[in-house]
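Notes follow the structure.
The values are calculated or read from the model by the stated rules, or taken from the named source; none is laboratory data. Predicted model only: the values in this text are computed from it and were never measured. FYI the Cβ positions are ideal-geometry reconstructions off the backbone, even for glycines, and counts take in every protein chain you see. Keep in mind that these areas ignore ligands, DNA and RNA; they rest on the heavy atoms of the full protein, side chains included. Shrake-Rupley method; radii C 1.70, N 1.55, O 1.52, S 1.80 Å.
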Amino acid sequence: MDSRTTRQQIYDKISASSKEEYILEEMKRLGFWNKNEDEPQLPELLIKKEGELQRDLNKLLAEKKRYEDKEQVLRDMRLKRMEAAKKKRIETKEKKEKERAEKAAQWTVTKNTDIIFLGQDVSGGLQQVETDITQLNKFGLPAFNDVETLAAAMGITISELKFLSYHRKVATTTHYKRFLVAKKSGGHRVISAPMPRLKKIQHWVLQHILNKVTLHDAANGFVLNRSILTNAAQHINKAIVVNIDLKDFFPTITYKRVKGLFCKLGYSEKIATILALLCTEPAREEMELDGKNYYVASGERFLPQGAPTSPAITNIICYKLDCRFTAIAAKMNINYTRYADDLSFSINDKSDTGNKLIQQLLWQVKAVVKEEGFTIHPDKVKIMAKGTRQEVTGIVVNKKPGINRKTLHRFRALIQQIEKTGLAGKTWKGGDNIVAEMIGYANFIMQVKPEQGIKLKQKLQTVFNLPLVQDAIRALPQTNNIAANKPANDKNNDKPAAPDNKDWWNVL
C-alpha cells in the first residue's frame, strides 16, 4: 500500500465503489493478480460489475435519504431557485444597461440627424419618408430626402428646425406676436405676426416652394403682378355685380389641409408634417401662473393671418375652387375673379332671365363652397345692379376704376382737421391706431389712382410730422407704435413682423 495514502482516503475509495473492487485494484497495482489483458477473467468482471451496482445503489440510497427530509428538499430547491433567479437578475440588469447605453448613443446620433417626434396628435406620419419625385418635378419643386437635407437648405440646424415646428398645447414661449386690427365692417381681426426666426423660415418656404406652384388666373390676391385693381378690372361696366365673402377664411384652412397640400405636391408625409407645422398655429390664450406666462392652445392649428406663407397656401388650396367657378362662369357667360376670400361675379348683359341667372349662380356657388370645405358669410353677399354703386374689393367699377367719393371727401376733411387740432378725438376705421389706418387708406388710393394717392401720402407725411401730431403719435399704444418720419420706400422684409417694429406705412 502507498504509505502516502491515508486511512480516510482508503475508506472514501471503498465507499465510492466496493471493498472487493478496491482490493482487486490494489492487487493488480502491486502485481499479485494474474490478468490477461486480451481475455478478462470472470471474477474480475463480476467484481467490477458489483462495484458499479454498489455505486448506483449508493446514489439511490442517498437520494432516498435526501427526499425523506422534505423540508430539506424544499430548502435546497428554494436555494437553487434563488441562486438561479439572482443570476438571471444580474444578467438581465447587465443586458438592460447595455441596451440603455446603446439607445442613448443612438438617440444622440438621431437627435442630431433626424426628427422623430414633434408633439401629440401631429407626429403620426413622421415615419413615412417616401417622396414622389415625379410630382415634385411636375411643379418644379426641390426634393428633400430627409430632415438633415431640409434643415441644410433652410440654413438652420435640425434642433432649430425642431424648435420652430414643435407643437405644444401649453407652451412657455410663442413664435407669434398677436394684435388686433379694426375691420371695415366693424369689430377686430386678430393678426398673428411671426417672430423673426420663424418669419425668416416662412419666407424661405414661400420663395422656394409655394411661389413655384402655378396659380389659377382667377386668383388676384397676393399674386405677383396682380392686385385689387386687376381683380376689379374684369367687372367694370357690367349689368350686375355679385360679391360673396367666405367666412373665417384662414381658420378654415387647418393643419390637416395644409399637410395634405404638401403631400399632394409630392413631399413625403414626414417633410409635409414639418412644413405644415411651420406654416400653421393654433389660437392661444395667454395665462399667468406663479409669475410665469403660459400660452395655451384653444383649438386645432390653422393658417395664421399675418404669416407670409398663409396667402400663398390659400391660393394653392383654392385652385380647384377657382377651376370650378371659372367653368360655371364660362357656362353661364359671366365673369369670375377671387381676391383672397372675396368672390366676385359679374353678368355682362341684363335680360329678362337675369334674376333666374343670379338665383342659379348663388345656388351653385353655395354648393361648390360647401364641397370645397368653406362657408359663405351670410351677411356679406351683395348683388349690385347697374343703377347703384358697384364695388369690387373696395373699388368702384360702374364705368371705370374709381374711389368712393363720400369716403374720399371724409378722408380729406379728416386730414384738415388733424392739421388744425391734432389727433385728439379723431378716428378713421375705429381702431386704436388712426395713423396706420390712414396710411393704409392712402396706399389703397394710390393703387387705384396713383397721382391722387401720392399727393395724399405726401400730405399725410407733412401733417404727421407736425409737432402737435408727433406728440399724439408717441402716445399711441406700444403694440401699435409708429415711426412717422420714415421714408415711404424704406421697406425691410427681414425686420420682425411684430407691429411695434413694422414699417408704419405698410401696417395694413
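Here are some notes:
- Gain in span if fully extended, Glu83 to Thr375, counting 0.36 nm per residue against the direct Cα distance: 97.9 nm
- Once backbone amide H atoms are built at 1.01 Å from N, Lys177 has Ala193, Met195 as its partners under 5 Å, excluding neighbours fewer than 5 places away on the same chain.
- Sequence-distant lysines (8 or more away, or on other chains) whose Cα lies within less than 28 Å of Lys96: Lys80, Lys86, Lys87, Lys88, Lys111
- Among the listed pairs Lys13/Lys64; Lys13/Lys65; Lys48/Lys70, a Cα-Cα separation exceeding 27 Å is found for Lys48/Lys70.
- Compared with the direct C-alpha span, the chain from Asp432 to Gln234 gains 67.8 nm at full extension, assuming 0.36 nm per residue.
- Placing a pseudo-label 7 Å from each Cα along the Cα-to-Cβ vector at Lys406 and Thr5 gives an inter-label distance of 13.4 nm.
- Each of Asn145 and Ile14 was given a label point 7 Å from its Cα along the Cα-to-Cβ line. The distance between the two points is 8.5 nm.
- Cα gyration tensor category, rounded, prolate or oblate, for the chain with a/c compared to 1.5: prolate
- Label-point separation in nm, Lys386 to Met195, each point 7 Å along Cα→Cβ: 5.8
- Within straight-line cross-link reach of Lys399, aspartates and glutamates at Cα separation under 20 Å, skipping those fewer than 8 residues along the same chain: Asp349, Glu391, Glu451
- Only lysines eight or more places from Lys264 in sequence, or on another chain, were considered; those with a Cα closer than 16 Å are Lys138, Lys212, Lys256, Lys320.
- Solvent-accessible area, 1.4 Å probe, carbon plus sulfur percent, for the chain: 52
- The angle separating the long axis of helix 269-279 from the principal Cα axis of greatest extent in the chain is about 40 degrees.
- On a per residue basis, the chain carries 59 Å² of accessible surface, using protein heavy atoms and a 1.4 Å probe.
- Note on Gln447/Asn348: beta-carbon distance plugged into 1/(1 + (r/R0)^6) with R0 of 35 Å gives a FRET efficiency of 0.90.
- With helices as the sole contributors, the chain gives -16000 deg cm²/dmol at 222 nm; each DSSP H run of n ≥ 4 counts as -39500 (n - 2.57), and the sum is divided by every residue.
- Efficiency of FRET between Lys103 and Gln127 - r from beta-carbon atoms, R0 25 angstrom, step 0.05: 0.90
- Helix 196-208 vs. the chain, principal-axis angle (Cα, 0 to 90°, nearest 10): 80
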